[in-house]
Amino acid sequence: MSPSPTSRKKNNLYVSTIRMNQYRTKPNEQLKNRTLKSYSLCKVTKGKGILSINGTVFHCEKDDLFLLTPNMEVKGESNSFLPIEYSVVLFTCIEISKKEGQWLTHSHLFPQTGKLILHSQDHVRPLLSNLFNHSTYDKEVIKQSLVLFLQKVRQGEDNHKNVVPLEETIDYMSNHFMDNLKISTLASSSGLSLNHFTKRFKQIMNTTPSEYLIEKRIHRAKELLFSTQKTKQIAYQLGFQDEHYFSRVFKKREGIAPTFFIKNKCQRIASMYYGLDDHLLTLGLESVSSLSYSSRVRGTLIPHHQFGLPIDSMEPNYEELQRMQPDYILTSDRYQPSFELTHIAPVAVVHHTNQFQDVLHHLADIFGREHQANQWEMVFQERKEALKNLLKKSLGEQSVCFIRVGPKGYRVYGKSSQVGHLLYHDLGLTSSLPDKQDTIDLLIDELYSFVADYVFIMVDPNVESNQKMLELMQTETWNELEAVQKKRIFEAHDLLFQPLGPKGYLHSMEFVAEKLMGSERKKNLSIKIK
């Protein structure tokens, strides 16, 4: 097949075949070693991971682009908490030129391969949108966009207009410090000699380029030490030669080997998700801060003690947190750390689960507090069974539900939600919702079919939610409900947040049991918990 006149005139590149694929990996998934047979343009669409290209390790995250060529050897690994997703354009490509009336082909097309350094994507953003927009698949549009994109990549390498300001180089280093960066290459990209680049860098950052990269890697290493990865895997991700070299560098800077760092040197921990301060206290650890939900509820009804500096979840006061000088910041994968937060201290992300015991034992294993976790588990199981048996004798098979009134309507929490796990699994109460249902959003007319014999209700602290509650209370159907007439409607503003920690979970169970059984039976609930 001969190239079209358009292809010859525009760019001397000819793409003959093209295929599109999308991939989604699992946490910690190892991507198989493979030798490429075609050209490939890969874009990371979600998550994080690492990619090794011919032995050179690159850190991957959202919007990173890779241009891979035939015979490259590639392998990779997905992140423990944010598994990587990516789109790939596979294609065959040749360069054609005409010399003395003869058409010639060339196979070495791209001086820049591997991770593409595009300091500004404005000029290629429409092309990338066409390439990786899978909702409207048009092969000709994709092919044209690919040829134009590849030509722009080549032009960026062939001319000398791509000298990068030093500030942009520093920004690139801060985002790609896990790659195999060479200081000499970074200096050249800034149009400076190695000595001049080092001097200028130190004037701006108060440290050398090499020390800056090591500092960033050690900071990231502390975050990765919270995962289930081995030291060898962490060293590999950070771009170190091997785990022994990584351990030497870490120990030189921190005074202790990475395998002992968390258990022996991590003393001041900032909690940045609901209930994590409670987990730390249960394990006998100090929490220098805790994320407050006080601005998200109308009032606190369940006994609650916030530990350390309270951080407003709506308007976090990061300056005060920085003055606390935490060794670590502990958060959940449900809370997206901000740029400011990640620069205060290493951020460790804990996977959220409705099984608070799983979080407790995970943290206990990391901090070397297994004994404290096991002791708490024994006490909790004993107390849980006591409450469950008391409720069964008192209520029998009567049903319970938890309703949240928000600005847009009404939400009922099912058996697979955090509140549902407490009500229906641990306390053994009954529900009319499907077993695997998390939450159901309902209109006012739909709500009545889910109202149970006993109702716990939470109203969000805003005008719109209050209005929704008033609308509900003014309906004739609501006032005719047996739960309303028998005064079995209980306020439970913080029942959504309180069970996220071990002690809070137990307090919530006791709160529910007390409300259901009545104040005259409160004495039955006074079993002392150590």
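The values are calculated or read from the model by the stated rules, or taken from the named source; none is laboratory data. These numbers were taken from a predicted model, which means no experiment stands behind them. Heads up, the Cβs are rebuilt from the backbone with ideal geometry, glycines too, and the neighbour counts pull from every protein chain shown. Keep in mind that these areas ignore ligands, DNA and RNA; they rest on the heavy atoms of the full protein, side chains included. Shrake-Rupley method; radii C 1.70, N 1.55, O 1.52, S 1.80 Å.
Exactly one condition in (1) more than 30 Å from Ser465 (Cβ to Cβ); (2) in contact (Cβ under 8 Å) with a residue 24 or more places away in the chain is false for Glu385; which is it?
So Glu385 meets the others, but not (2).
What tally of residues in segment 456-506 results from selecting those that are within 29 Å of the chain's Cα centre (by Cα), farther than 19 Å from Leu442 by Cα and not in a loop (DSSP other than H, G, I, E, B)?
Of the residues in segment 456-506, 8 are within 29 Å of the chain's Cα centre (by Cα), farther than 19 Å from Leu442 by Cα and not in a loop (DSSP other than H, G, I, E, B).
Report, by residue number, each residue of segment 51-63 that is modelled with pLDDT of 80 or more and surrounded by 19 or more Cβ atoms within 10 Å (Cβ to Cβ).
First, the residues of segment 51-63 that are modelled with pLDDT of 80 or more: 51-53, 60-63.
Matches in segment 51-63: Leu51, Ile53, Cys60.
May I ask you to list the residues in segment 483-503 that are farther than 17 Å from Phe402 by Cα and of a type outside the set (Lys, Arg)?
Gln485, Gly501, Pro502
Of the residues Asn374, Asn354, Asn317, Asn389, which is surrounded by fewer than 16 Cβ atoms within 10 Å (Cβ to Cβ) and within 30 Å of Gly518 (Cα to Cα)?
When all the criteria are applied, what remains is Asn389.
Tell me, which residue of segment 203-222 that is open to solvent by 60 Å² or more (accessible area, probe 1.4 Å), more than 25 Å from Lys232 (Cβ to Cβ) and within 33 Å of the chain's Cα centre (by Cα) is modelled with the lowest pLDDT?
If we take residues in segment 203-222 being open to solvent by 60 Å² or more (accessible area, probe 1.4 Å), more than 25 Å from Lys232 (Cβ to Cβ) and within 33 Å of the chain's Cα centre (by Cα), then Ile204 is modelled with the lowest pLDDT.
If you scan segment 320-340, which residues turn out to be open to solvent by 60 Å² or more (accessible area, probe 1.4 Å) and within 17 Å of the chain's Cα centre (by Cα)?
Within segment 320-340, Asp333, Arg334, Gln336, Phe339, Glu340 qualify.
Scan segment 426-444 and tell me whether some residue there is within 24 Å of Leu472 (Cα to Cα), of a type in the set (Gly, Ala, Ser) and at pLDDT 90 or above.
No: zero hits.
How about segment 17-31: which of its residues are modelled with pLDDT of 80 or more and either in a strand (DSSP E or B) or polar (S, T, N, Q) (or both)?
Thr17, Ile18, Arg19, Met20, Asn21, Gln22, Tyr23, Arg24, Thr25, Leu31
Kindly indicate whether Phe367 is in contact with a Lys or Arg (Cβ under 9 Å, 6 or more places away or on another chain) and open to solvent by less than 20 Å² (accessible area, probe 1.4 Å). Steps first, answer last, please.
Numbers: in contact with a Lys or Arg (Cβ under 9 Å, 6 or more places away or on another chain): yes; open to solvent by less than 20 Å² (accessible area, probe 1.4 Å): yes.
Yes, satisfied.
Mind listing just one residue for me: the one in segment 64-100 that is modelled with pLDDT under 80 and of a type outside the set (Ser, Thr, Tyr) and, of those, surrounded by the fewest Cβ atoms within 10 Å (Cβ to Cβ)? Even if it seems obvious, please write down each step before you answer.
Quick first cut of segment 64-100, residues modelled with pLDDT under 80 only: 79-82, 95-100.
Checking the rest, the ones that are also of a type outside the set (Ser, Thr, Tyr) come to 79, 81-82, 95-96, 98-100.
Details: Asn79: 23, Phe81: 18, Leu82: 16, Glu95: 17, Ile96: 16, Lys98: 10, Lys99: 7, Glu100: 5.
Only one residue tops the list, namely Glu100.
Yes/no matrix, rows are residues, columns are (1) in contact (Cβ under 8 Å) with a residue 40 or more places away in the chain; (2) under 29 Å from Val459 (Cα atoms); (3) open to solvent by 40 Å² or more (accessible area, probe 1.4 Å):
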residue	(1), (2), (3)
Thr342	no, no, yes
Leu360	yes, no, no
Gln381	no, no, yes
Gln398	yes, yes, yes
Cys401	yes, yes, no
Val405	yes, yes, no
Ser417	yes, yes, no
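Could you give every pair whose Cβ atoms fall below 7 Å, whose first residue belongs to segment 292-312 and is acidic (Asp, Glu), and whose second residue is surrounded by 15 or more Cβ atoms within 10 Å (Cβ to Cβ), counting only separations of at least 6 or pairs across chains?
From segment 292-312, the pairs are Asp312/Ser292.
Evaluate segment 225-234: report whether one residue or more is closer than 24 Å to Pro337 by Cβ, open to solvent by 30 Å² or more (accessible area, probe 1.4 Å), hydroxyl-bearing (Ser, Thr, Tyr) and in contact (Cβ under 8 Å) with a residue 40 or more places away in the chain.
Yes; the residues of segment 225-234 include at least one that is closer than 24 Å to Pro337 by Cβ, open to solvent by 30 Å² or more (accessible area, probe 1.4 Å), hydroxyl-bearing (Ser, Thr, Tyr) and in contact (Cβ under 8 Å) with a residue 40 or more places away in the chain.
Counting just the residues of segment 38-50 that are within 26 Å of Val15 (Cβ to Cβ) and open to solvent by 40 Å² or more (accessible area, probe 1.4 Å), which one comes out nearest to the chain's Cα centre (by Cα)?
Of the residues in segment 38-50, the ones within 26 Å of Val15 (Cβ to Cβ) are 38-45.
Next cut, open to solvent by 40 Å² or more (accessible area, probe 1.4 Å) only: 43, 45.
Numbers: Lys43: 19, Thr45: 14 Å.
Looking at residues that are within 26 Å of Val15 (Cβ to Cβ) and open to solvent by 40 Å² or more (accessible area, probe 1.4 Å), I get Thr45.
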